[in-house]
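First comes the structure, then the notes that go with it.
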Amino acid sequence: MTPLIAIAAQAADQKSAEVTDWADRIGWVAGLLLFVAFVYWLMRQGWKWRGSLQSDLPELPAAPGEAGTAKLTLSGRYHGSTTAGQWLDRIVAHGLGTRSRVELTLTDAGIAVVRPGANDFFVPADALREARLDKGIAGKVLAEGGLLIVTWTHGGKLLDSGFRSDRAAEHTAWVEAINSMNHTTTTEGIAR
């Protein structure tokens, strides 16, 4: 028998060793699960802590009874709100950090933000500062112009809220309509 055939035959005869230390294996698996649970708990505590730091933000306004005739509507996703100009500084107070489906309605009174499964809110027309197309907001980065960013003021704080329409071609009409409503525009949030 040639040496290569002998080595191949010997390798075929060998079997994996039986697992004899089940307690050790179970201990490692339990330790790993505890570690994952601990990391999740730390992330949850961080989210709560961020919310308590932002507790000075007042309650979100509700839509008025008579908001007026809808100029534009949009169905899509709400990706969150951040401090204007700080695209990674997510606002989590009052549910603003919760991603969800969204139905936006623009009227002369402002923007009604209806979010199934999350807090609805209203952005009054006098709180609107500007709208622009951008590529990202905390936790979501898309192609250039993939997000509609609406800058508005609430409780003395300037916020950017990110929306993505199911039909991205609608974004431009929203930017033009919002920017034509309010002549007070800001350039915060544009430069990164």
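Work through the residues other than residue 142 whose Cβ is under 10 Å from its Cβ and net out their charges, Lys, Arg +1 and Asp, Glu -1. Residues near residue 142 contribute +1 overall. If the segment from residue 108 to residue 44 were pulled out straight at 0.36 nm per residue, it would be longer than the present Cα-Cα gap by 19.2 nm. Extension gain for residue 172 to residue 35 (0.36 nm times residue separation, less C-alpha to C-alpha distance): 44.7 nm. Straight-distance candidates among the aspartates and glutamates for linking to residue 71, with alpha-carbon spacing under 17 Å and chain neighbours fewer than 8 residues away dropped: 103, 108, 126, 130, 170, 176.
Assign one of three labels to the chain, namely rounded, prolate or oblate, based on the Cα gyration tensor with a ≥ b ≥ c the square roots of its eigenvalues; rounded applies when a/c is under 1.5, prolate when it is not and a/b is larger than b/c, and oblate otherwise.
Numbers: a/c = 3.49, a/b = 2.39, b/c = 1.46.
Since a/c reaches 1.5 and a/b is larger than b/c, the shape of the chain is classed as prolate.
Pairs of Cα atoms nearer than 8 Å and 6+ residues apart set the relative contact order; for the chain it is 19 percent. Residues in the chain average 60 Å² of solvent-accessible surface per residue, probe 1.4 Å, ligands and nucleic acids excluded. Only helical runs count toward this figure. For the chain, summing -39,500 (n - 2.57) over DSSP H runs of n ≥ 4 and dividing by all residues gives -9500 deg cm²/dmol at 222 nm.
Determine, from the Cβ-Cβ distance of residue 24 and residue 141 and an R0 of 41 Å, the FRET efficiency 1/(1 + (r/R0)^6), rounded to the nearest 0.05.
Details: r = 43 Å, r/R0 = 1.05.
Rounded to the nearest 0.05, the efficiency is 0.45.
Prolate is the label for the range 20-105. Its Cα gyration tensor axes, ordered a ≥ b ≥ c, give a/c of at least 1.5 and a/b above b/c. Residues whose amide H lies under 5 Å from that of residue 110, counting only those 5 or more places away or on a different chain, are 125; hydrogens are built 1.01 Å from N in the peptide plane. With a/c under 1.5 counting as rounded, go ahead and sort the range 68-165 into rounded, prolate or oblate using the C-alpha gyration tensor (a ≥ b ≥ c being the square roots of the eigenvalues; past the cut-off, prolate if a/b is larger than b/c, else oblate). The shape class here is rounded.
Count charges around residue 105 for me, please; just the other residues with Cβ under 12 Å from its Cβ, Lys/Arg as +1, Asp/Glu as -1. Each step should come with its number before you reach the end.
Details: positive: 71; negative: 103, 108, 120.
The answer is -2.
To put it simply, the accessible area of the range 1-119 at a 1.4 Å probe is 63 percent carbon and sulfur.
When the Gaussian network model of the chain links Cα atoms closer than 10 Å, the mean-square fluctuations of 82, 153, 20 top out at 20.
The values are calculated or read from the model by the stated rules, or taken from the named source; none is laboratory data. Computed from a predicted model, the values in this text were never measured in an experiment. As a convention, Cβ positions derive from the backbone with ideal geometry for all residues, glycine included, and neighbour counts pool all protein chains shown. All accessible areas refer to the heavy atoms of the entire protein, side chains included, with ligands and DNA or RNA removed. Shrake-Rupley method; radii C 1.70, N 1.55, O 1.52, S 1.80 Å.
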